[in-house]
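Below is one structure, written out as structure tokens; the observations come after it.
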Amino acid sequence: MTRAEENYLKALYHLSDHNDAMVSTTELADRLETKPSSATDMLQKLHEKSLVAYTKYKGAKLSSEGRKKASQIVRKHRLWEVFLVDKLNFGWEEVHEIAEQLEHIKSPELVERLDEFLGCPTTDPHGDPIPDQKGHVVTISKSLLADQPVESSTILMGIKDSDADFLTYLSQKGIKLGSCITVLEKEPFDQSMTIEIDGQTLFISKTLSTNIYVQTL
């Protein structure tokens, strides 16, 4: 497959929320920052290769073979992110663009050796699950920090918005995966919060709390 074809499969994988949901051509084009007509052309090519099921005016969804290939692209991407953060000391806000390049390396043996070298991680530096060799992912029970009641104690499990600027902001505030968070106060007016995170007290906006996934202790 070409790099462009792999990018389309990966985009469908993410937009379908890892299931069999139909994704509109417009939604896919927006995700890939391209024209709907270009997305339509690519979907027709992928349909001919039996990698997607495409229906005119409705959109497309991954076939079983397409989902298998897409999951392996995501697997490579997230393993490379782990490697870059854990072994090369990149910040979690720096690794996405680099992993975008590395995910297209065509060597199954390299991927499996990388997985073994890293200790077979199940999540990437942003808390997203890493598919295994067969495309299966470990489901982790988590919810948004914004939905937690006052006095709840949680652990930061993932980030909803992996935008580099947002991740940089979190790093500056000392907010990271595994941080212990206790909700001290919640403002009824705008749902902003006062939290205690790893021993320090912070005031955070609703924008921040709706982009952080936590797990109740």
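Tabulated data
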{"item": "Among the residues listed as Asp30, Asp86, Asp115, Asp20, the single one being modelled with pLDDT under 95 and among the acidic types (Asp, Glu)", "result": "Asp20"}
{"item": "Ala21, sole failed condition from (1) outside any helix (DSSP H, G or I); (2) closer than 30 Å to Gln172 by Cβ; (3) of a type in the set (Gly, Ala, Ser)", "result": "(2)"}
{"item": "Among residues of the range 24-45, those that are part of a helix (DSSP H, G or I) and among the basic types (Lys, Arg), counted", "result": "2"}
{"item": "Residue count, the range 77-99 (criterion: among the charged types (D, E, K, R) and out of contact with any Phe, Trp or Tyr (no Cβ under 9 Å at 6 or more places or on another chain))", "result": "4"}
{"item": "Selection within the range 95-136 - farther than 12 Å from Arg78 by Cα and crowded, with 16+ Cβ neighbours inside 10 Å", "result": "Gly135"}
{"item": "In the range 46-67, residue modelled with the lowest pLDDT [restricted to those that are surrounded by fewer than 16 Cβ atoms within 10 Å (Cβ to Cβ) and part of a helix (DSSP H, G or I)]", "result": "Ser64"}
{"item": "Count - residues of the range 131-153 that are part of a loop (DSSP other than H, G, I, E, B), within 23 Å of Thr216 (Cβ to Cβ) and free of Cβ contacts under 8 Å to residues at least 60 places away in the same chain", "result": "5"}
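A quick yes/no check of all residues on (1) within 28 Å of Thr2 (Cα to Cα); (2) under 20 Å from the mean Cα position of the chain (by Cα); (3) without any contact (Cβ under 8 Å) to a residue 40 or more places away in the chain:
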{"residue": "Gly91", "(1), (2), (3)": "no, yes, no"}
{"residue": "Glu94", "(1), (2), (3)": "yes, yes, no"}
{"residue": "Ile98", "(1), (2), (3)": "yes, yes, yes"}
{"residue": "Val111", "(1), (2), (3)": "yes, yes, yes"}
{"residue": "Phe117", "(1), (2), (3)": "yes, no, yes"}
{"residue": "Cys120", "(1), (2), (3)": "yes, yes, yes"}
{"residue": "Ile155", "(1), (2), (3)": "no, yes, no"}
{"residue": "Ser162", "(1), (2), (3)": "yes, yes, no"}
{"residue": "Ser179", "(1), (2), (3)": "no, yes, yes"}
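Residue by residue, here is whether (1) outside the structural domain of Asn211 (by TED's automatic domain parsing); (2) under 25 Å from Ala29 (Cβ atoms); (3) assigned to a helix (DSSP H, G or I) holds:
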position	(1), (2), (3)
Lys69	yes, yes, yes
Gln72	yes, yes, yes
Val85	yes, no, yes
Glu100	yes, yes, yes
His104	yes, yes, no
Glu109	yes, no, yes
Pro125	yes, no, no
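The values are calculated or read from the model by the stated rules, or taken from the named source; none is laboratory data. Since we're looking at a predicted model, the values are computed, not measured. Using ideal geometry, Cβ is built from the backbone for each residue, glycine included, and neighbour counts are taken over all protein chains shown.
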